[in-house]
Amino acid sequence: ASADKKGIEEELGDLLFSCVNLARHCAIDPERALGLSNNKFKRRFEVLENKIDFSKQAPSHKQMEQAWQAVKNAEK
């Protein structure tokens, strides 16, 4: 399991490196792009939290996915 995790970490690192390199070729600041994405996720998740009452019962994965898609679609 440890060797598998190490291999996955290396592949993920390669993927992240490739994404940063792609951003560089597109003249995009990868840190800024990541920050924008983080802000978008935070905004959407805050809307999701307001849609679902977590105090009563934890929603199922299906309910969470449906709510997430509704939040994304509402932004379009």
The correct ranking of 61, 25 by accessible area at 1.4 Å, largest first, is 61, 25
List nothing, just return the count: lysine pairs in the chain, 8 or more apart or interchain, with Cα separation under 29 Å. 18
Portion, in percent, of the accessible area of the chain that falls on carbon or sulfur, probe 1.4 Å: 56
Measuring with a 1.4 Å probe in the full set of protein chains, what accessible area per residue, in whole Å², belongs to the chain? 88
As I understand it, the value is the acute angle between the Cα axis of helix 2-25 and the longest principal axis of the Cα atoms of the chain; what does it come to in degrees, rounded to 10? 80
The chain - mean residue ellipticity at 222 nm from DSSP helices (-39,500 (n - 2.57) per run, n ≥ 4, rounded to 500): -27500 deg cm²/dmol
Once R0 is set to 30 Å, what does the formula 1/(1 + (r/R0)^6) return for the Cβ-Cβ distance between residue 36 and residue 66, expressed as a FRET efficiency to the nearest 0.05? 0.75
Which label marks the calculated value of Rg and Dmax of the Cα atoms in Å, given the options [x] 17.3, 48; [y] 12.7, 38; [z] 11.6, 37? [x]
Say we join alpha carbon atoms closer than 10 Å with springs in a Gaussian network model of the chain; which of 51, 42, 62 then has the biggest fluctuation? 62
Nearest 10 degrees, 0 to 90: what angle lies between the long axis of helix 30-51 and the longest principal axis of the chain (Cα atoms)? 10
What chymotrypsin sites (Phe, Trp or Tyr not before Pro) does region 8-76 have in DSSP loop regions with at most 14 other beta carbons within 10 Å? 54
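The values are calculated or read from the model by the stated rules, or taken from the named source; none is laboratory data. As the structure is a prediction and not an experimental result, all values here were calculated from the model. A quick note on method: Cβ atoms are made from the backbone with ideal geometry, for glycine too, and the neighbour counts reach across all protein chains shown. Accessible surface areas use protein heavy atoms only, side chains included; no ligands, DNA or RNA. Shrake-Rupley method; radii C 1.70, N 1.55, O 1.52, S 1.80 Å.
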